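The values are calculated or read from the model by the stated rules, or taken from the named source; none is laboratory data. Fair warning: this is a prediction, and the values are worked out from it, not measured in the lab. Here the Cβ positions follow ideal geometry from the backbone for every residue, glycine too, while neighbour counts run over all protein chains shown.
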């Protein structure tokens, strides 16, 4: 798988658009983790929608304590994934953000995360980390892929499309398009995700927004959301091939084969 600026670009948009650039460093890695965590919590469904919290069970102190204990157990994982980020203050906000993604019900905006973690003064700092603070997301994803490679014992690559429903038209790459899992047209963003698949389970290790021509060829839209010059229009299969080509030299898979869900 934030506090909305006037141009209504959320964290997921900023993250996905940043992955299209090889020169312009953005904070894409952690922002996009939101999408994948949402997918994992819904059983690997390729449709990502804001999560819902059961009002009865989740409102209890026991449920909140269980969530807190879970995020505490994740500390070694989080520390390692964030290790490539050079500055300690950036890593600190990275930890804060991941914890917020896990604990915040519904939409994972910066404002809601800050409110959930009871840290109102953090709003501006977290927003800066998500959308403006420059750090290279590629080493972070390589670290994630290396960790997952050891856990999964991967046998193959799996490339899977993902769709992010949107109500407006200003999120990066949003357009009305056919969504195969729902068998209908939907106003949404489309992305491709790359998974390591093993005998028991699979995990996402890379992901990228698919930029439609209606966005790539619109100078005003590009300027409004800060799309890098290198971002060009691609078909989903082109994005999939590039994801696999970038990953194969760095990750050992028992059989260097890739499967892709029919779109």
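Per-structure values
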| quantity | calculated |
| --- | --- |
| Residues that are within 20 Å of residue 79 (Cβ to Cβ) and not in a loop (DSSP other than H, G, I, E, B), drawn from the range 98-117 | 98, 99, 100, 101, 102, 103, 113 |
| Selection within the range 82-97 - part of a helix (DSSP H, G or I) and crowded, with 16+ Cβ neighbours inside 10 Å | 82, 90, 91, 93, 94, 95, 96, 97 |
| Some residue of the range 201-211 being out of contact with any helix residue (DSSP H, G or I) (no Cβ under 8 Å at 6 or more places or on another chain) and at pLDDT below 90 | no |
| Within the range 159-187, tally of residues that are crowded, with 18+ Cβ neighbours inside 10 Å, out of contact with any helix residue (DSSP H, G or I) (no Cβ under 7 Å at 6 or more places or on another chain) and under 30 Å from residue 78 (Cα atoms) | 3 |
| Subset tally (residues that are outside any loop (DSSP other than H, G, I, E, B) and in contact with a strand residue (DSSP E or B) (Cβ under 6 Å, 6 or more places away or on another chain)) for the range 162-176 | 5 |
| Residue 217 vs. criteria at negative phi, touching a helix residue (DSSP H, G or I) at 6+ places or on another chain (Cβ under 8 Å) and exposed (fewer than 15 other Cβ atoms within 10 Å of the Cβ) | no |
| Failed item, numbered, when residue 255 is tested on (1) at pLDDT below 90; (2) surrounded by 12 or more Cβ atoms within 10 Å (Cβ to Cβ) | (2) |
| Those helices (runs of 4 or more DSSP H) lying entirely in the range 192-254 with at least 1 residues more than 25 Å from residue 148 (Cβ to Cβ) and in contact with a strand residue (DSSP E or B) (Cβ under 6 Å, 6 or more places away or on another chain) | 213-216 |
